[in-house]
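Participant: Take this structure first; my questions come after.
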Amino acid sequence: MYAAIDAGNRNTKFYDGKQLIKFPSAIGINELQRNLKGQRKPFDFEWEYEGKCGFAGTLAEDESEYAESRKDDSKAHFDALLRILIALHQFGVGIEFNIVVGQPIATHTEEEKTAIKNMLQRRHDLIVNGIRKTIVIRRCEISPEGAAAGLLAPGTGIVRVIDIGSGSVNYATLKDRQYINKSSFTFAEGMESKSNLQVAAFARQIGTKSVNRKWGKGDAVYLCGGGAPAILPYLQEEFFPHCQLLEPDPFFSNVKAFYMIARKIYG
Ligand SMILES: Nc1ncnc2c1ncn2[C@@H]1O[C@H](COP(=O)(O)OP(=O)(O)OP(=O)(O)O)[C@@H](O)[C@H]1O
Ligand SMILES: [Mg+2]
């Protein structure tokens, strides 16, 4: 089967054309010593993989002493691998997969993409909540976060997207649905990067960075990512009066666009 996974720093999103799922990306390693066993919530995950074990999802949020959700500007790392494998273990049908996953725009380079492919494209044996599953990733393509979401925007011409995540903000420009590299970039801070987030001040920082890259006041600017609803009114007021949410639910735009790409490549 083919599927799309957006292994975000805060939330992992999965879409296979039928199931649209979001679970917490938190991971705790080596924490299987607990007295009260059993899966209590739908996204409580106990995992074992290649000699390591631990908690993930809501279980890591609730019970881990050492849980962290790595907030990084690249997804070529173990945590992202584990999030993707848990999503396929829990929600994928069958054992063989062709997938599309995401990477921030700034690090969407050949080197990083190769690192992610080398990490994913092979056979994996993963146990989640006591169930062992073999997962074979045949093919994996890596799509730029935010830029991919621009494919969901209506109309042609210049379309701008700002994807406001927990650990990064991606700025994408598309012209007639083609990605324009020179006016697309990443701000490597997100909604959870500040110790005490001041939404208005962060919105101003987000807006200023786009103006500095010559984005214009009259541009068609669309927002996605979990931070979008909070930031939207400030951007409308001070920077882009026509700015709007790409979709009413801000979390799933990237993964839906990754799925469109997956269908085109593998369908
Ligand atoms: N109910 C919620 N659950 C989780 N995050 C929420 C919720 N409501 C708003 N948010 C905001 O959404 C952010 C997460 O958004 P999103 O899922 O798009 O990030 P991400 O894709 O995991 O991160 P990144 O793109 O940086 O990897 C949180 O940091 C928080 O500020
Ligand atoms: Mg994201």
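Participant: Filter the strands (runs of 3 or more DSSP E) completely within the stretch 92-208 down to those with at least 1 residues that are touching a helix residue (DSSP H, G or I) at 6+ places or on another chain (Cβ under 7 Å) and farther than 25 Å from M1 by Cα.
Facilitator: The qualifying strands (runs of 3 or more DSSP E) are 158-164, 169-175, 185-187.
Participant: Okay, next question. Confirm whether K209 is on the phi < 0 side of the Ramachandran plot, more than 20 Å from the chain's Cα centre (by Cα) and without any contact (Cβ under 8 Å) to a residue 24 or more places away in the chain. Spell out the reasoning first.
Facilitator: Numbers: on the phi < 0 side of the Ramachandran plot: yes; more than 20 Å from the chain's Cα centre (by Cα): yes; without any contact (Cβ under 8 Å) to a residue 24 or more places away in the chain: no.
So K209 does not fit the description; no.
Participant: Of all residues in the stretch 146-163, count the ones that are within 15 Å of ligand 2 (Cβ to nearest atom) and of a type in the set (K, R).
Facilitator: 0
Participant: Same structure again: How about the stretch 179-198: which of its residues are more than 15 Å from R160 (Cα to Cα) and basic (K, R)?
Facilitator: K194
Participant: In the list S166, S143, which residue meets the criterion of being farther than 18 Å from L232 by Cα, polar (S, T, N, Q) and within 13 Å of ligand 2 (Cβ to nearest atom)?
Facilitator: S143
Participant: Please work out if S253 is in contact (Cβ under 8 Å) with a residue 60 or more places away in the chain, under 24 Å from E141 (Cβ atoms) and open to solvent by less than 10 Å² (accessible area, probe 1.4 Å).
Facilitator: Working: in contact (Cβ under 8 Å) with a residue 60 or more places away in the chain: yes; under 24 Å from E141 (Cβ atoms): yes; open to solvent by less than 10 Å² (accessible area, probe 1.4 Å): yes.
Considered against the rule, which asks whether it is in contact (Cβ under 8 Å) with a residue 60 or more places away in the chain, under 24 Å from E141 (Cβ atoms) and open to solvent by less than 10 Å² (accessible area, probe 1.4 Å), S253 comes out as yes.
Participant: Looking only at the stretch 81-106, which residues are at pLDDT 95 or above and within 12 Å of ligand 1 (Cβ to nearest atom)?
Facilitator: R83, V101, G102
Participant: Follow-up question, since we're still on this one. Check off (1) closer than 30 Å to F97 by Cα; (2) buried (at least 22 other Cβ atoms within 10 Å of the Cβ) for L235 and give me the number that stays unchecked.
Facilitator: So L235 meets the others, but not (1).
Participant: Which of the residues spanning the stretch 202-217 are under 17 Å from A106 (Cα atoms) and open to solvent by 20 Å² or more (accessible area, probe 1.4 Å)?
Facilitator: Hits for the stretch 202-217 are K209, N212, R213.
Participant: So, one more: Report, by residue number, each residue of the stretch 181-201 that is away from ligand 2 (no atom under 16 Å from the Cβ) and either crowded, with 16+ Cβ neighbours inside 10 Å or assigned by TED's automatic domain parsing to the domain that holds D6 (or both).
Facilitator: Correct list: S183 only.
Participant: Suppose we filter T134, T173, T114 for residues that are in contact with a Gly (Cβ under 9 Å, 6 or more places away or on another chain), of a type in the set (S, T, N, Q) and at pLDDT 95 or above; which single one remains?
Facilitator: Working: T134 fails: in contact with a Gly (Cβ under 9 Å, 6 or more places away or on another chain); T114 fails: in contact with a Gly (Cβ under 9 Å, 6 or more places away or on another chain).
Being in contact with a Gly (Cβ under 9 Å, 6 or more places away or on another chain), of a type in the set (S, T, N, Q) and at pLDDT 95 or above holds for just one of T134, T173, T114, which is T173.
The values are calculated or read from the model by the stated rules, or taken from the named source; none is laboratory data. Just so you know, these numbers come straight off a predicted model, no measurement behind them. Heads up, the Cβs are rebuilt from the backbone with ideal geometry, glycines too, and the neighbour counts pull from every protein chain shown. In case anyone asks, the SASA skips ligands and DNA or RNA and just uses the protein heavy atoms, side chains included. Shrake-Rupley method; radii C 1.70, N 1.55, O 1.52, S 1.80 Å.
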